[in-house]
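Below is one structure; the comments refer to it alone.
The values are calculated or read from the model by the stated rules, or taken from the named source; none is laboratory data. Since the structure is predicted, the reported quantities are computational estimates derived from the model, not experimental observations. Using ideal geometry, Cβ is built from the backbone for each residue, glycine included, and neighbour counts are taken over all protein chains shown. Note: areas computed on protein heavy atoms with side chains; ligands, DNA, RNA excluded. Shrake-Rupley method; radii C 1.70, N 1.55, O 1.52, S 1.80 Å.
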Amino acid sequence: MDILVAGGHGQVALRLLKLLAAEGHTARGLIRTPSQAGDLRAVGAVPVVGDLENDPSLAPYVKGADAVVFAAGAGPGSGAARKRTVDLGGAIKLADAAMAESVSRYVMVSSIGAENPSAGGAMQPYLEAKAEADAYVVASGLDHTIVRPGHLTDDPGTGLVKATRTLGNRGPIPRDDVAAVLAACLWTPATIGVTFELFAGETPIAEALNL
């Protein structure tokens, strides 16, 4: 498969690209900064330089893909305005481009708490952006999967997770396991049309995704 990952230099995205490339797929990472290209090549990925925020359309980058993954984010140091342009606007642009290029499969990295942004305190602008982005993708008609990971850690992945459609939970999850779950979602039809939260757990990924 040819898979485009938006936000290709992110910590989860680089792990995902490495997994996809190792499995023999064309793993393309959309990045804004050309100097990041070497990090993508180092994990076997193909760097694609483009501006998620400012390019009028992402269709040229999506063209030829079999699936897209939205793993971009404005980051914790950004203000509310950039969360609107990246976490929301970028996700919408990717969905629009996927529809324009007849790429039906869309996997979204969202966040726990997006079901109730008003309870998020300082995180509210971020959670509002995530919630609106999720709603747009759901309404788009794309074959979507929305993954809402818990608190991300750099602990080694275990391949054992808890995936639940019941929203409003809390807990940690290694970035390694998030990446492995995103990859698995791409070839797990049972995840199409599903929004689920993801945490460290005791169930092998393939089994946990029988949602």
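Structure values in brief
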item: The chain, helix-only ellipticity at 222 nm - DSSP H runs n ≥ 4, -39,500 (n - 2.57), divided by all residues, nearest 500; result: -9000 deg cm²/dmol
item: Cut-off under 5 Å, modelled amide H: who pairs with GLY29 long-range; result: VAL5, VAL46, VAL48
item: Rh by Kirkwood over Cα pairs, then Stokes-Einstein D for segment 21-96 at 0.890 mPa s and 25 °C, µm²/s; result: 185
item: Share, in percent, of DSSP beta bridges within the chain that are antiparallel, nearest 5; result: 15
item: Protein-only accessible surface order, largest first, of ARG105, ARG82, ARG41 at 1.4 Å; result: ARG41, ARG82, ARG105
item: Largest to smallest accessible area among LYS162, LYS93, LYS130, LYS18 [probe 1.4 Å]; result: LYS18, LYS162, LYS93, LYS130
item: Segment 89-211: C-alpha pair distances exceeding 23 Å, %; result: 29
item: Cβ charges +1 (Lys, Arg) and -1 (Asp, Glu), total dipole of segment 116-211, debye; result: 180
item: Spatial extent of the chain: Rg and Dmax, with the Cα atoms as the point set, Å; result: 15.6, 43
item: Cross-link partners of LYS83 among lysines (Cα-Cα below 20 Å; sequence separation of 8 or more within a chain); result: LYS93, LYS130
item: Of VAL181, VAL46, VAL194, the one that fluctuates the most in a GNM where the chain has Cα springs shorter than 10 Å; result: VAL194
item: Portion, in percent, of the accessible area of the chain that falls on carbon or sulfur, probe 1.4 Å; result: 54
item: Set of aspartates and glutamates with alpha-carbon distance to LYS18 below 14 Å, sequence-local pairs under 8 removed; result: ASP2, ASP39, ASP176, ASP177
item: Longest segment of the chain lacking GluC sites (Glu not before Pro) that sit in a DSSP loop with at most 15 other Cβ atoms within 10 Å; result: 54-201
item: Simple Cβ-charge dipole of the chain, Lys/Arg +1 and Asp/Glu -1, about Cα centre, in debye nearest 20; result: 240
item: Segment 16-67 - charge dipole about Cα centre, Lys and Arg +1 at Cβ, Asp and Glu -1, debye rounded to 20; result: 140
item: Leading residue at positive end of dipole, segment 30-158 (Cβ point charges), from VAL46, ALA95, LEU152; result: VAL46
